[in-house]
């Protein structure tokens, strides 16, 4: 285990948090199809990797627990939270655009 440096462990924590956040989100807001699930999962993982550190630090400071958590725990928590938020936001946006497009179709075709 000592062969893996700290940076690799931190990236692994971010990745695990991002994947866990996207996977948990499946239970809360089911996608309408495979394409939507794949897109939302990918966006969740990417957002978790990008914003995980910042989100984890902010959450830990707001809760006053930054002194009792390790760097890996903060990154995993932040990545999961960023992933869940991105998943939900993208799901609402996709469904909103879908309703907007279907509403335009109804107006254009007189249905």
List pairs: first residue in the range 85-108 and under 30 Å from residue 19 (Cα atoms), second residue at pLDDT below 75 anywhere in the structure, Cβ distance under 8 angstrom, at least six positions apart or on different chains. 87/29; 88/28; 88/29; 91/29
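This table checks each residue for (1) assigned to a helix (DSSP H, G or I); (2) at pLDDT 90 or above; (3) touching a helix residue (DSSP H, G or I) at 6+ places or on another chain (Cβ under 9 Å); (4) buried (at least 18 other Cβ atoms within 10 Å of the Cβ).
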{"site": "4", "(1), (2), (3), (4)": "no, no, yes, no"}
{"site": "8", "(1), (2), (3), (4)": "yes, no, no, no"}
{"site": "21", "(1), (2), (3), (4)": "yes, no, yes, yes"}
{"site": "35", "(1), (2), (3), (4)": "yes, no, no, no"}
{"site": "39", "(1), (2), (3), (4)": "yes, no, yes, no"}
{"site": "58", "(1), (2), (3), (4)": "yes, yes, yes, no"}
{"site": "62", "(1), (2), (3), (4)": "yes, yes, no, no"}
Looking at 26, 30, which one is outside any helix (DSSP H, G or I), over 8 Å from the mean Cα position of the chain (by Cα) and farther than 29 Å from residue 5 by Cβ? 30
Is it the case, given these coordinates, that residue 49 is in contact with a helix residue (DSSP H, G or I) (Cβ under 6 Å, 6 or more places away or on another chain), part of a helix (DSSP H, G or I), at pLDDT below 80 and at negative phi? no
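The values are calculated or read from the model by the stated rules, or taken from the named source; none is laboratory data. Bear in mind the structure is a predicted one, so any value in this text is a computation, not a measurement. For neighbour counting, all protein chains shown are included, and Cβ atoms are generated from backbone atoms with ideal geometry for every residue, glycine included.
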